[in-house]
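The values are calculated or read from the model by the stated rules, or taken from the named source; none is laboratory data. A quick note: this is a predicted structure, and the numbers were derived from the prediction, not measured. Here Cβ is always computed from backbone atoms with ideal geometry, including for glycine, and neighbour counts include all displayed protein chains. Side chains included, ligands, DNA and RNA excluded: accessible areas come from the protein's heavy atoms. Shrake-Rupley method; radii C 1.70, N 1.55, O 1.52, S 1.80 Å.
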Amino acid sequence: MELRQIRYFVGVSEAGSLLKASARLHIAQPALGQQIAALEHDVGARLFDRSSRGVTLTDAGKAFLEHAKVLLADVERARAAVRESSRVPMGDVAIGLPTTVALIATVPILQACRDQLPQVHVRIVDGYSGFLREWLVSGRLDLALLFGDQGDTSLAKQALLEDRLAFVSSPQGPTAPRKMALSALSRWPLVLPGRDHGLRRIIDEACEPEGVKLNVVAEIESLPSVKRAVEAGLGNTILPLGAVAEEVAAGRLCASTIDSASMSRRVVCATSVTRPRTVAGTAVIRVVGDVVRRMVDDGSWPARWLGGKPA
């Protein structure tokens, strides 16, 4: 298996035909077909279904494509590491942020990276924390902010902060107490993300040992939509205080403290232990740590700081 064959394979899969791919890759169509056939022989499976309309990936081809993209990305990272070894940080860095963290930290992180690392191209991926972990391990992300510092043989983690969850309501609805017992949550209609969402799991795991049965009137996966539903008076919700700080300051939402140590989450900076860092990736990790620490210090991310800068 040769690296160029993998590049040709990805090029054909993106183009959808050998003819289009040959023009994009600057290789004659017969030669391109021979390289793809040699790759299929090497992996022992047919990667494309061929027809008069072009080519489509087989199931084996779809599986191979995921690995091929990671392999090509790793090759580019290796080249970038060599280029950067004696120069300022430059290149691409992908950061994974859970949605509730993205609501708080996306703009400050991007601004700091642009100011301090002008030759680094930052890509922020917003998603479920479980997906972010998988993408981090597979190499699609260079770092991610995740929840929980439990041991993980695939990841290196640096605890950053402890984030408390708050009861969030509309100022037009019934007035909630400023401090609320966990058991009192059962008396309020709630709009929450689905049970597979990391935030929902934290909430359910805090309530279950205490026998608290939540009155979930609707499940919405999009957290911005959850906030809009609460603003419209369709229910209440539970979110990190930082995720609603802007709306609370503007008087569009109200937030109450939940009197339970379990209604919290630990935010960590995670990297893969099997993939070497680039100079750019290491620089971005340091910037992210500085940004989060500054946000905790100035109160824009209401939380308790736990550690130093990520290593």
List the residue ranges in the chain for DSSP H helices whose C-alpha atoms run 15 angstrom or more along the long axis and whose Kyte-Doolittle average is 0.5 or above. 99-116, 279-298
Cα centroid separation, the stretch 47-66 to the stretch 215-258 (Å): 45 Å
For the stretch 174-270, the per residue accessible area (1.4 Å probe, Å²) is 48 Å²
Taking a temperature of 37 °C and a viscosity of 0.692 mPa s, what whole-number D in µm²/s does Stokes-Einstein yield for the stretch 106-186 with Rh from Kirkwood over alpha carbon pairs? 199 µm²/s
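Is the C-alpha gyration tensor of the stretch 163-245 telling us rounded, prolate or oblate? Criteria: a/c under 1.5 is rounded; beyond that, a/b larger than b/c is prolate, otherwise oblate. Working shown, then result.
Values: a/c = 1.41, a/b = 1.13, b/c = 1.25.
Rounded, since a/c falls under 1.5.
Going by a ≥ b ≥ c, the root eigenvalues of the Cα gyration tensor, does the stretch 41-113 fall in the rounded group (a/c under 1.5), the prolate group (a/b larger than b/c) or the oblate group?
The shape class here is oblate.
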Taking max minus min of the Cα coordinates of the chain on each principal axis, largest first, gives extents in Å of 73, 48, 35
Run through the stretch 5-80 and list the trypsin sites (Lys or Arg not before Pro) located in a DSSP loop whose Cβ has at most 16 other Cβ atoms within 10 Å. ARG46, ARG53
Let me check I've understood the local charge: for PRO224, count other residues with C-beta under 12 angstrom from its C-beta, Lys and Arg +1, Asp and Glu -1. What total comes out? -3
Report the relative contact order of the stretch 61-151, percent, no decimals, based on alpha-carbon pairs under 8 angstrom and at least 6 residues apart. 35 percent
Relative contact order of the stretch 160-236, pairs being alpha-carbon contacts under 8 Å that are 6 or more residues apart, as %: 44 percent
If you average the C-alpha positions of the stretch 110-158 and of the stretch 181-195 separately, how far apart do those two centres end up, in angstrom? 30 Å
Calculate the all-directions average of the projected area of the stretch 1-79's alpha-carbon convex hull, and give it in nm². 4.9 nm²
Mind jotting down a quarter of the surface of the convex hull over the alpha carbons of the stretch 52-193, in square nanometres, one decimal? 15.6 nm²
Would you compute, from DSSP H runs of 4+ residues alone, the mean residue ellipticity of the chain at 222 nm, taking -39500 (n - 2.57) per run and dividing by the full residue count, rounded to the nearest 500? -14000 deg cm²/dmol
